[in-house]
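Working notes, structure below.
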Amino acid sequence: MKTAIIGRGSVGSSTAYCLKGKGNVFFAVGEDRKDRCSLPIVFNGEKLPVPTLLSGEVEEKPELVIVAVKNFQLHSALSVIEPLLGKDTVILPILNGIEAEEVLSLEFGEERVLYGFISGLSVFRDNNVITSFSRGKITFGEKDNSRSERVEAILEYFLSCGQDAVIPEDIHHEKWLKFMTNTCFNTLTAILEADYDATSDNSDMIRAARLVAREVQAIGAKKGVVLDQDDVEKMISNTCALKGKGRSSMLEDLMENRETENRYFAGAISRMGKQYDVPTPFCHMLSILLEAKRHVRRCR
């Protein structure tokens, strides 16, 4: 399956590493990133044998476009995606958050767009050098949760390449559960600079996460997604099971003075709280605190 990956960071590179064996896979970039992306990616000590091509120069359109950029890069990625689209090209975003599918559907038509995300990925990135501790799992599906021929074909493709993947019964519930985890724990670990060991037995952090989770539950309900108490306990259990000195992606970005996805996690709940007239004081405060934290680090 000819596959274009938009994004050469941790997620895109990890996915490309899995698909390189059987897939006709390449990174697609725009002209403005040609020079910046000239260096090869070193993945687990080896040069990643996946080419980087200008999207406007790709003649044979890919069957699948995997969007693996950060949320704040999505709008600039639209011009990279557009030249890649053939009549039946499918777009699969695996970003964090819950807004990418809507953006892509408005731009390219919802009939092209699947819903998805990646979880369980543990990597460390230093510019073009990436060290991976786990491959992660791609969860994806149709907007209406149907088991269409195309999602079945993509699932078979992923699994045949060694990329763990699953089609859930309800992709929207699973996306919101992942979003709740990101909003609760990515934000808190970044503010507190807490690695997995410092998170797993931190009862006060877990108390704070529960308060944030209530706000995510309230907004999810307005969107037609029910996150019950079992979901909250599952989120806490899965997060506390992580051990070692690994760090959340938001903490990694903060430590490297990169832009974070704050406005797409706690910031998104704060915005939607205003939209639906639902109080979200904890998420609003966390979004402000994280930006204050970024400012403090820049001043050091």
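The values are calculated or read from the model by the stated rules, or taken from the named source; none is laboratory data. Every value quoted in this text rests on a predicted model; they were computed, and no experiment measured them. Reconstructed Cβ throughout: ideal geometry from the backbone, glycine too, with neighbour counts over all protein chains shown. Accessible surface areas use protein heavy atoms only, side chains included; no ligands, DNA or RNA. Shrake-Rupley method; radii C 1.70, N 1.55, O 1.52, S 1.80 Å.
Accessible area per residue for the chain is 47 Å², calculated with a 1.4 Å probe on protein heavy atoms, without ligands, DNA or RNA.
For the stretch 28-107, the relative contact order works out to 31 percent when only alpha carbon pairs closer than 8 Å and six or more residues apart are counted. Remark: accessible surface ordering of 284, 75, 295 (largest first) is 75, 295, 284, probe radius 1.4 Å.
The candidate values are (i) 18.7, 55; (ii) 18.9, 66; (iii) 19.2, 61; the one derived from this structure for Rg and Dmax of the Cα atoms in Å carries the label (i). Computed from the C-beta positions of residue 143 and residue 61 and an R0 of 30 Å, the FRET efficiency is 0.85 to the nearest 0.05. Calculate the FRET efficiency for residue 173 and residue 204 from the Cβ-Cβ distance with a Förster distance of 25 Å, rounded to the nearest 0.05. Working from the Cβ atoms, E equals 0.30.
The spacing between the stretch 1-66 and the stretch 273-289, judged by their C-alpha centroids, is 37 Å. With all protein chains in place and a 1.4 Å probe, the accessible surface of the chain carries 50 percent carbon and sulfur. Under the simplified labelling scheme, the residue 152-residue 228 pair shows an inter-label distance of 3.0 nm, with each label point 7 Å from Cα along Cα→Cβ.
Among the listed pairs 22/137; 234/293; 22/178; 70/175; 2/223; 87/143, those with a Cα-Cα distance over 27 Å are 234/293; 22/178; 2/223. Relative to the Cα centre, the charge distribution of the stretch 74-134, modelled as +1 at Lys and Arg Cβ and -1 at Asp and Glu Cβ, gives a dipole magnitude of about 280 debye. In the elastic network of the chain, a GNM with C-alpha springs shorter than 10 Å, the most mobile of 287, 248, 160 is 160.
Under a Gaussian network description of the chain, with springs only between Cα atoms under 10 Å, the residue in 180, 255, 205 that fluctuates furthest is 255.
Magnitude of the charge dipole for the chain, about its Cα centre and with charges confined to Cβ atoms of Lys, Arg (+1) and Asp, Glu (-1), is about 900 debye.
Projecting label points 7 angstrom from Cα along Cα→Cβ for residue 243 and residue 126 puts them 2.6 nm apart. The DSSP beta bridges internal to the chain are antiparallel in roughly 40% of cases. Can you give the FRET efficiency for residue 53 and residue 298, using 1/(1 + (r/R0)^6), R0 = 35 Å, r = Cβ-Cβ distance, to the nearest 0.05? Plugging the Cβ-Cβ distance into 1/(1 + (r/R0)^6) gives 0.50. A 1.4 Å probe over all protein chains sorts 175, 70, 243 by accessible area into 243, 70, 175, starting with the largest.
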